[in-house]
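The values are calculated or read from the model by the stated rules, or taken from the named source; none is laboratory data. Quick caveat, the model's predicted, so the values are computed rather than measured. Note that each Cβ is placed from the backbone with ideal geometry, even for glycine, and that neighbours are counted across all protein chains shown. When the accessible area is computed, the model is the full protein with side chains, heavy atoms only, and any ligands, DNA or RNA have been set aside. Shrake-Rupley method; radii C 1.70, N 1.55, O 1.52, S 1.80 Å.
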Amino acid sequence: MRIVKNGDVHVSAPIGMPKSEVERFIEEHREWIAEARKKTSERQKRREEFYSQLPLRTREQADDALRRLKALIEPLVEKHAKIMHVSPTAIHYRAMISRWGVCNIKDKSICFSAYLLLLPEWCVEHVVVHELCHLLEPSHNARFHTLMDKFFPRWHEARAETHRICRMEDDDEGLDELE
Ligand SMILES: [Zn+2]
């Protein structure tokens, strides 16, 4: 049994289990459900508060954010791409709230979340190195982590700090996804 983002409760049961037994199980865990739903909605609220610190509603706000993103991220990409001997074909920015970055390994482009502006620079640098690392290794496997150890030794710490700042402490991953 688990609570999904919108607060719904998902229950899985073995095929053939009588409905009454499933209902009894849910009934017995009513308190747990109430508690878990409360936590989910509180986390959602904290997350919304975090992202609302960077308003991107107007043209001016978006243009200003883009200017600041380019000034922040492009030198970091340049610095680490040189060290790592990789060259992304394009850098894009999007107002992504669920991921900090996306590496498209087919066309070797990288997309960064505009909300990186809300993180300290060393955490942004960690995301940059992480995405560049995907140009060398697409999966989050042992080889990927060895590369991260080499190119950004504090990656573990940076990831924990990033999760702490945006109150994603309950998520294991949430850093990026591959396209
Ligand atoms: Zn990744």
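In straight-distance terms, cross-link reach from Lys38 covers every one of the lysines whose alpha-carbon lies under 30 Å from its own, apart from those fewer than eight places away in the same chain; here that gives Lys5, Lys19. Exposure check, 1.4 Å probe, all protein chains in place: Ile91 carries approximately 50 Å² of accessible surface.
Note on region 66-141: Kirkwood radius taken over Cα pairs, Stokes-Einstein applied at 37 °C and 0.692 mPa s, translational D equal to 267 µm² s⁻¹. For the chain, the longest principal axis of the alpha carbon atoms and the long axis of helix 142-151 meet at an angle near 40°. In this structure region 2-68 gives 82 Å² per residue of accessible area when probed at 1.4 Å with all protein chains present. Taking amide H atoms as placed 1.01 Å from N in the peptide plane, the amide H of Tyr93 lies under 5 Å from those of Phe112, each 5 or more residues away in sequence or on another chain.
In terms of Cα atoms, the Rg and Dmax of the chain work out to 20.0, 63 Å. For region 42-172, a crude dipole built from +1 on the beta carbon of Lys and Arg and -1 on the beta carbon of Asp and Glu, taken about the Cα centre, is about 220 debye to the nearest 20. With θ taken as phi - 60° and the Karplus curve 6.51 cos²θ - 1.76 cosθ + 1.60 applied, the whole-hertz 3J(HN,Hα) list for region 21-36 is 5, 4, 4, 5, 4, 5, 4, 5, 10, 3, 5, 4, 4, 4, 5, 5 Hz, x standing for glycine and proline. Remark: region 44-59, residue by residue, has Karplus-estimated 3J(HN,Hα) of 4, 5, 4, 5, 4, 4, 4, 5, 5, 5, 10, x, 10, 7, 9, 4 Hz, where x stands for each Gly or Pro and the curve is 6.51 cos²θ - 1.76 cosθ + 1.60 at θ = phi - 60°. Placing unit charges on the Cβ atoms of the charged side chains and taking the dipole of region 1-130 about its Cα centre, the candidate lying farthest along the positive direction among Ser98, Met17, Pro75 is Pro75.
The phi torsions of region 108-113, fed into the Karplus equation with coefficients 6.51, -1.76 and 1.60 and a -60° offset, translate into couplings of 6, 9, 10, 10, 10, 6 Hz, rounded to whole numbers, with Gly and Pro shown as x. Rounded to the nearest 500, what is the 222 nm mean residue ellipticity of the chain from helices alone, with -39500 (n - 2.57) per DSSP H run of 4+ residues and division by all residues? The per-residue figure over the chain is -17000 deg cm²/dmol.
I need the calculated FRET efficiency for the pair Ile15 and Ile105, taking r as the beta carbon distance and R₀ as 35 Å, to the nearest 0.05. Approximately 0.40, to the nearest 0.05.
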